[in-house]
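Student: Let me give you the structure first, and then I'll get to my questions.
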Amino acid sequence: MHPVHPHKIFVLLLLSVALGATAPRISVDVTQPGAAISPTMYGIFFEDINFAADGGLYAELVKNRSFEFDWPLRGWQVISRDGAKGRVLILRDEKSRNPRHLRIQLPQQGNGFGLMNEGFRGMGLWQDADYRFSVMARIIEGDITALRIELVDENERPIAEARLEGLTSVWQSHQCQLTSNSTTSAAKLKVWIIGSGVLDMDMISLFPKETWKARTNGLRADLVQLLADLQPGFLRFPGGCIVEGFDLSQRYQWKNTIGPLEERVVTINRWNFEFKHRPTPDYYQSYGLGFYEYFLLAEDLGAEPMPIVNCGMACQFNTAELAPLHQLDPYIADALDLIEFANGAADSKWGAIRAEMGHVEPFNMKMIGIGNEQWGPQYIERYVKFADAIKSKYPQMQLIAATGSDATIFPNGQEEIDYLWSQWRKLEPDIVDEHFYRAPEWFLQNVDWYDSYERSGPRLFVGEWASQSVGVGSPDNRNNWKCALYEAAFMTGLERNADLVTMTCYAPLFGHEEAWQWRPDLIWFDNLTSYGTANYYVQKLFSCHPGTRLLEIGVEESPKQDDETKGLYASATLDEKSGHVILKVVNVTDDVVETTIDLNGVKKMGGNATAILLRADSLTDENSLEEPKKIYPQESSFELTDARFDYEFTPLSLTILRVPIE
Ligand code: AHR
């Protein structure tokens, strides 16, 4: 909590002498800075789960805008008033990548027939904010004079209106702007057709004008801001199991996600039907947030892009379909073409598409993941083929290999992980990805998980992990302080092993309050607002204070908990840019822990130190939409004149100490 007053130190000393107790001592060796902390050490992992893309980060407000869901009118309702009559047909053009569109037949003149879209559990609109409506339309016959676009609130009260004219017999995009006169999280869009005749419509869309960087087809600004605040070193995307698909036909195919929006191939989201307890039959991928947008997002965030590609294997917990080895070439070609899309010259085949989409300069992608949570000899066979092809064309590309769904519990037992590691030791991928979805206690008991790993060979990426307060994927899991605090302790272990562990990220990233499938999640949101969980602030404190070199740290006489686990966990780095020693200390006990901190080798202090404290009153505390900052970092500064000082650590807390040295 605080530096200790000198008078108190004296009393403490007397007390400890009297009781024969020794105060915990944290010693940091500043004389020999160790391994460099990778600039990519702390990153983020985005997967389209929990309505993270459509209905979340991707700011589109219309659900099923191109009528490609299995039920073409899911999310839509035909509306009519004053006895107006009409007919709605679904037409399918087999030649199109986005084959369906809507045909509306209006036998009589009028303005009382149309369609209503319900959005993603409603649409979030802000008072006085502007919205851009757009539609692809053509008049087939008759006298259709205009569309009347209306936004209504949850009580069907109109809150915005606009008239769109100028429809012709040519397929074209038309746009108009609306301004909402009130704030609601559950608005709906109504499209009324004025006139009589036959009208075709497709790509009916509504976007807030205010998006991240004011881009059209943009992302929700508040959600990207939360990501930017993490200062992530990398962005892993697009998954996760979504890369693998329930079967291979549903795998993520990046080529379906680029180019004009109307040509992106809408696909069912594998989380649509995965959890019986959270069915979301309206969960699809419009790919409005596609690979181009992912690369752009990584660039905006200053994060290294880390795409994961399907390696010819569907999710091994679902169908486990395999592309036969002799049919693997298209999968490998997809990976090679992706590298060209990201890094190729603007006149290369795929680089030209990137340039045409607006990014002439390459994205400078440096790493790629081969498969997500794969295992077994079938994975090794496929990995080898990918690795040979990629490394022979792009020797500098860093390859990431997987170790299944959890580095500790395997469907087929420990021999499965031993087998994989025996292969990785031989094949030497650049990076091996390990996942941990375990109880909070596991993270505390395994803070030193990487201490005993071999130092030679692949670097480690802790690519998906989060404490599960109840059980893996349980709908009752919470983002509570216990989980976050024990994760903080685990992260001191990751940081102490930064010579080996060069990347880590929490999973999953986003959860929609009304449309989630999986919890816990790092960031929660509804249609209007969002907040970072306690776990988010733990990630943020590590990510924003990484330092550049590892320092040796020892904690002596740590208090013990009842179950004999330690009470105090710590890591230390040196930040050569600011000249700060950065200490991260986690006190998981209920008590104030009074310590002596020794910065060995520091001759002169460099001014006031800063303490950033993250704490909660209870292990069950959580942030929420109502109390988004209940658990929130508090910063203070204090004077330090000596490299040996006493410091009290608050009960149940993570503290970052930044100590300037000369
Ligand atoms: O993070 C949720 C899921 O957990 C990911 O899709 C998958 O990779 C893991 O099993």
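Student: Taking all pairs of distinct Cα atoms, average 1/r, flip it, and tell me the Kirkwood hydrodynamic radius of the chain in Å to one decimal place.
Tutor: One decimal place: 26.9 Å for the Kirkwood radius.
Student: Moving to a separate point now. Just to confirm the filter: which GluC sites (Glu not before Pro) across the stretch 566-656 are DSSP coil and have at most 15 other Cβ within 10 angstrom of their Cβ?
Tutor: Glu576, Glu626, Glu639
Student: Classify the stretch 392-519 from the C-alpha gyration tensor, please: rounded if a/c falls under 1.5, else prolate or oblate depending on whether a/b exceeds b/c.
Tutor: Judged from the Cα gyration tensor, the stretch 392-519 comes out prolate (a/c at least 1.5, a/b above b/c).
Student: Which three extents, in whole angstrom, do the alpha-carbon atoms of the stretch 299-341 cover along their principal axes, largest first?
Tutor: Principal-axis extents of the stretch 299-341 (Cα, largest first): 37, 25, 8 Å.
Student: Follow-up. Tell me, what HN-Hα J-couplings in whole Hz come from the Karplus equation 6.51 cos²θ - 1.76 cosθ + 1.60 at θ = phi - 60° for each residue of the stretch 320-326, using x for Gly and Pro?
Tutor: 6, 4, 10, 7, x, 4, 6
Student: Of all alpha-carbon pairs in the stretch 416-456, indicate the percentage at a distance above 15 angstrom.
Tutor: Roughly 54 percent, once rounded to a whole number.
Student: Turning to a different aspect of this structure: Pull up the DSSP beta bridges for the chain and report the antiparallel fraction as a percent, rounded to 5.
Tutor: Roughly 75 percent of the DSSP beta bridges within the chain come out antiparallel.
Student: Can you tell me, using C-alpha contacts under 8 Å and at least 6 residues apart, the relative contact order of the chain as a whole percent?
Tutor: It comes to 17 percent, rounded to a whole number.
Student: Another question, then. Quick check of the Kirkwood formula: for the stretch 122-277, what is the inverse mean of 1/r over all pairs of different Cα atoms, in Å?
Tutor: 18.4 Å
Student: Any chance you could tell me what percent of the C-alpha pair distances in the stretch 259-398 go past 22 Å?
Tutor: The answer is 48 percent, as a whole percent.
Student: Counting other Cβ atoms within 10 Å of each Cβ, which GluC sites (Glu not before Pro) in the stretch 399-472 have at most 10 and sit in a DSSP loop?
Tutor: For GluC sites (Glu not before Pro) across the stretch 399-472 that sit outside H, G, I, E and B with at most 10 neighbouring Cβ atoms in 10 Å, the list reads Glu454.
Student: What whole number of Å gives the distance from the Cα centroid of the stretch 606-662 to the Cα centroid of the stretch 155-191?
Tutor: So the separation of the two Cα centres works out to 48 Å.
Student: Let me ask something additional. Find the eigenvalues of the gyration tensor of the Cα atoms of the stretch 76-208, then list the square roots of 5 times those eigenvalues as equivalent ellipsoid semi-axes, largest first, in whole angstrom.
Tutor: So the equivalent ellipsoid measures 24, 17, 14 Å along its semi-axes.
Student: Within the stretch 62-156, report the trypsin sites (Lys or Arg not before Pro) that DSSP leaves as loop and that have at most 11 other Cβ atoms within 10 Å.
Tutor: Filter output for the stretch 62-156: Arg81, Lys95.
Student: Right, another one. Of Lys213/Lys540; Lys63/Lys85; Lys366/Lys629; Lys366/Lys577, which sit over 27 Å apart, Cα to Cα?
Tutor: Result: Lys366/Lys629 exceed 27 Å.
Student: Using only DSSP helix segments of four residues or longer, with each worth -39500 (n - 2.57), what per-residue ellipticity at 222 nm results for the chain after dividing by its residue count and rounding to 500?
Tutor: -6000 deg cm²/dmol
No lab work stands behind these numbers, since they all come straight from the coordinates. Source: prediction; values computed, not measured. Note that each Cβ is placed from the backbone with ideal geometry, even for glycine, and that neighbours are counted across all protein chains shown.
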